[in-house]
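Notes to accompany the following structure.
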Amino acid sequence: MTWINKIAFYRNIRSEVPNQELARELADSGNAEGIKEISDYLFDKNNSVSSDCLKVLYEIGYIKPELIQDYVDVFLKLVESKINRMVWGAMIALATISRLKADDIYKKIDLILEAIKKGTLITEVWGIKTLVGMATVNGQYKSKLLPVLFDYLEKCRPIDFATRVETILPVISGSDENEIIDRIIEQKTPELTDSQVKKLKTVLRKHRK
């Protein structure tokens, strides 16, 4: 059996489990040929096949991002897809390798920012994680991206605020940066419910203990 025949579509299983199992198998074995075979179907005419393959790849990215880093250009191309599932799947993949391939991704920063702006909530969430990944490993990228991240935080829905703060905090280090995020938190807190405030305090306590 070839690797492609192990995806959910070809197994006639309406579940992500086969794709997750395949990802784990390829990641644990470090099977570059198998990963390459899956990547060859990312632009398959059958959307179910391409979607399953992208799922396999970003699941590998969760486990061993180095195994999919060479496909950064493919993921960037998929961000321009007209199919939302492929866009946000590609953004997840990019987020998993953003620390490894920051230079390649940053070259397409306008594409990433546009996708975050116009994409689905999942694209937005993982796009922000992609920005954070790049900012974490490169000081120049950080100086360019922090204003974007702060702006995103200021405009964030109250229900998502604590989670977004948690996403951004790892890249916050200097006193000026902490002052800015503290100001945003102070301004945003009156909009939060008691449970949202509690969640925010938990996030801050874990980060600053």
Exercise for the section: Output the residues belonging to segment 76-97 that are in a helix (DSSP H, G or I) and over 20 Å from Asn138 (Cβ atoms). Expected result: Lys77, Leu78, Asn84, Arg85, Met86, Val87, Trp88, Gly89, Ala90, Ile92
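Could you name every one of the helices (runs of 4 or more DSSP H) located completely within segment 98-157 that has at least 1 residues being closer than 17 Å to Leu78 by Cα and in contact (Cβ under 8 Å) with a residue 24 or more places away in the chain? Let's see the steps before the verdict.
Working: elements: 102-106, 109-118, 121-137, 139-155.
Filter on segment 98-157 gives 102-106, 109-118, 121-137.
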Problem - Given (1) more than 15 Å from the chain's Cα centre (by Cα); (2) aliphatic (A, V, I, L, M); (3) within 21 Å of Gln69 (Cβ to Cβ), number of the condition Val203 does not satisfy - result: (3)
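Say whether the condition of being charged (D, E, K, R) and under 21 Å from Asp103 (Cα atoms) is met by at least one residue in segment 30-44. Explain how you work it out, then say what you get.
Start the filter on segment 30-44 by keeping residues that are charged (D, E, K, R), which leaves 33, 36-37, 40, 44.
From the residues that got through so far, the ones that are under 21 Å from Asp103 (Cα atoms) too are none.
Checked segment 30-44: no residue is charged (D, E, K, R) and under 21 Å from Asp103 (Cα atoms).
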Practice task
Working carefully through the options Thr136, Thr189, Thr167, Thr163, find the one that is under 17 Å from the mean Cα position of the chain (by Cα), polar (S, T, N, Q) and more than 16 Å from Glu124 (Cβ to Cβ).
Solution key: Thr136
Exercise for the section: May I ask you to list the residues in segment 164-179 that are among the hydroxyl-bearing types (Ser, Thr, Tyr) and surrounded by fewer than 15 Cβ atoms within 10 Å (Cβ to Cβ)? Expected result: Ser173, Ser175
Completion exercise
Among (1) under 30 Å from Leu78 (Cβ atoms); (2) free of Cβ contacts under 8 Å to residues at least 40 places away in the same chain, Ile168 falls short only on (2)
Practice task
Test Leu57 against the stated conditions and say whether it is crowded, with 23+ Cβ neighbours inside 10 Å and either more than 28 Å from Leu149 (Cβ to Cβ) or within 20 Å of the chain's Cα centre (by Cα) (or both).
Solution key: yes
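Taken together, the values in this text are just the output of simple stated rules run on the coordinates, not laboratory data. Because the structure is a prediction, the values reported are computed rather than measured. Methodologically, a virtual Cβ is constructed for each residue, glycine included, from the backbone with ideal geometry; neighbour enumeration extends over all protein chains shown.
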